[in-house]
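*Asks:* The structure that follows is given in the form of structure tokens.
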Amino acid sequence: MSYKLIDKKIIVYAAGATSTILRSLFQNNDLDIYAYIDKRADEIKDVNGTPVYTLEMFLKKEQKKDDFCIIITPKNVFEHSEIANTLGKAGYHNLIFKPKEILNGQENLKLLNINNVFDCLVISKSIPN
């Protein structure tokens, strides 16, 4: 199954440097970031008017999980898979991240596709087809 970012509410996990790149990319393509998830949400509160939640606060919200695409962007890419697993167990399945398996050289077509979308967004700074 595939979808387009335009069809989803975009959440960026980690309100750091990569989120700034994504915010600019999305603004240039008429897409909005719905919210951020960050450990420092109590300190940050919002990014340019967009709310920042802790993971716990976000998971407590009643919402249709398929409406969201969560882009996982912490600097330490080896944390991405653990975060994705946590979100997946909570019912969120539209996730973009750097899979640990791909970083470790394993071959998995589904995870390679997820990795390529992440690279397109973050490294190439373009919206994938």
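*Asks:* Name the single residue that is nearest to Lys61 (Cα to Cα) among those in segment 1-15 being modelled with pLDDT under 90 and open to solvent by 30 Å² or more (accessible area, probe 1.4 Å).
*Replies:* Filtering first and then ranking leaves Asp7.
*Asks:* So, in segment 86-124, exactly how many residues are of a type outside the set (A, V, I, L, M), open to solvent by 40 Å² or more (accessible area, probe 1.4 Å), assigned to a loop (DSSP other than H, G, I, E, B) and closer than 22 Å to Arg23 by Cα?
*Replies:* 2
*Asks:* Could you list all residues from segment 1-23 that are among the hydrophobic types (A, V, I, L, M, F, W, C) and part of a loop (DSSP other than H, G, I, E, B)?
*Replies:* Met1, Ala14, Ala15
Here's the yes/no breakdown for (1) farther than 17 Å from Thr20 by Cβ; (2) surrounded by 12 or more Cβ atoms within 10 Å (Cβ to Cβ); (3) touching a Gly at 6+ places or on another chain (Cβ under 6 Å):
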{"residue": "Pro51", "(1), (2), (3)": "no, yes, no"}
{"residue": "Met57", "(1), (2), (3)": "yes, yes, no"}
{"residue": "Glu62", "(1), (2), (3)": "yes, no, no"}
{"residue": "Phe78", "(1), (2), (3)": "yes, no, no"}
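*Asks:* Give the residue, chosen from Ile21, Ile127, Ile83, that is buried (at least 19 other Cβ atoms within 10 Å of the Cβ), at negative phi and touching a residue at least 24 places away in the same chain (Cβ under 8 Å).
*Replies:* After applying the criteria, what remains is Ile83.
*Asks:* Exactly one of these conditions fails for Pro51: (1) within 18 Å of Lys8 (Cα to Cα); (2) out of contact with any helix residue (DSSP H, G or I) (no Cβ under 9 Å at 6 or more places or on another chain). Give me its number.
*Replies:* In the conditions (1) within 18 Å of Lys8 (Cα to Cα); (2) out of contact with any helix residue (DSSP H, G or I) (no Cβ under 9 Å at 6 or more places or on another chain), Pro51 misses (2) alone.
*Asks:* Right, here's the next one. Is at least one residue of segment 26-43 within 18 Å of Lys4 (Cβ to Cβ), out of contact with any helix residue (DSSP H, G or I) (no Cβ under 7 Å at 6 or more places or on another chain) and modelled with pLDDT of 95 or more?
*Replies:* yes
*Asks:* For segment 24-48: of the residues being assigned to a helix (DSSP H, G or I) and surrounded by 12 or more Cβ atoms within 10 Å (Cβ to Cβ), which is farthest from the chain's Cα centre (by Cα)?
*Replies:* Among those residues, the one meeting the criterion is Ile44.
*Asks:* In segment 64-71, is there at least one residue being open to solvent by 20 Å² or more (accessible area, probe 1.4 Å) and assigned to a loop (DSSP other than H, G, I, E, B)?
*Replies:* Yes - at least one qualifying residue is present in segment 64-71.
The values are calculated or read from the model by the stated rules, or taken from the named source; none is laboratory data. Only a predicted model underlies this, so the values are computations on that prediction, with no experimental measurement involved. When we count neighbours, we look across all protein chains shown, and the Cβ atoms used for this are built from the backbone with ideal geometry, even at glycine. Side chains are part of the model used for accessible areas, which takes the heavy atoms of the whole protein and leaves out ligands, DNA and RNA. Shrake-Rupley method; radii C 1.70, N 1.55, O 1.52, S 1.80 Å.
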